[in-house]
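Taking it in order: structure first as C-alpha cells, then the write-up.
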Amino acid sequence: MCVYFGFAQIKAQDSLCFNKKYVAKNNVTAEALGTCILYSINYERNFCIKEKIFHTFRTGLSYWDLIYSETGYSFYIPMTYSFNLGKKRNKFFVGTGTTFMIATNPYPTSAAGRAYARQNYNNPEYSESYVSPMSIMFQPIFIGYQYISKKRFYFKVTATTLIIDDPLRMHFYFSPIPWGGVTFGFKLTKIKKEKVQTL
C-alpha cells in the first residue's frame, strides 16, 4: 500500500525531490558482497513520495564462475526495494529483496536423475554436477546508511539477512552468518542546483 500511494503522488512530488542536488531519479551502482555474495552491477530508480522521503527500486546482474564454483551457479540477478528517509547528504533506508541464481550446470530433468543427485549431494564428486537450474536467495530485510557527495557519487553500507532456497534438499535455510555489502553509486540524472534569489 505504501508503494501504491507513493506512485500516485510521483508527478506532483517530483519537483520536491529531484530538483534538489541530493537525489537523482536514475543511478548506476557497483556493489561488493551484498545481494550477490561477491559483486554486482546495478541500475537504481528513485520514486519520490515527498521531500526527504523516496522509494528505490534496483535490479542488477552478476556473473562469476571462479570462486565458490562448487555451487554451480554463475548468473545472479538481484531485485530489491527500499524505503529511504533522511536530510540532505545523509540517508537511512530499510528494504527487502530477492536474488535469482541461474546455474550453468543444472541437474537432470528426470525424476530418477534428481533422486540420484539428492542421494549424492554431499559427495564432492557430484556436488558440482547437480544443482537446480534456478534457485532463489531472499533478503527478507536489510537496513543501511547512504552518504551523498557534493559531486554525482554516493556511498552505501548495508546489513542484511539471507534465506537461501536449496532445491536439492527441498527446503529453505537461514544463513547463520551475518552478511552485508558496500555500494558505490553514480547519478545518471543531472541534479539541478537550487536557485538563490537575490534582491
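The values are calculated or read from the model by the stated rules, or taken from the named source; none is laboratory data. Predicted model only: the values in this text are computed from it and were never measured. Note that each Cβ is placed from the backbone with ideal geometry, even for glycine, and that neighbours are counted across all protein chains shown.
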| task | Could you please let me know if residue 91 is at pLDDT below 90 and either farther than 17 Å from residue 179 by Cβ or part of a loop (DSSP other than H, G, I, E, B) (or both)? | result | no
| note | Across (1) loosely packed, with under 12 Cβ neighbours inside 10 Å; (2) out of contact with any Lys or Arg (no Cβ under 9 Å at 6 or more places or on another chain); (3) at pLDDT below 70, residue 129 clears everything bar (1)
| request: Return yes or no: is residue 35 at pLDDT below 95, touching a Pro at 6+ places or on another chain (Cβ under 9 Å) and β-branched (Val, Ile, Thr)? | output: yes
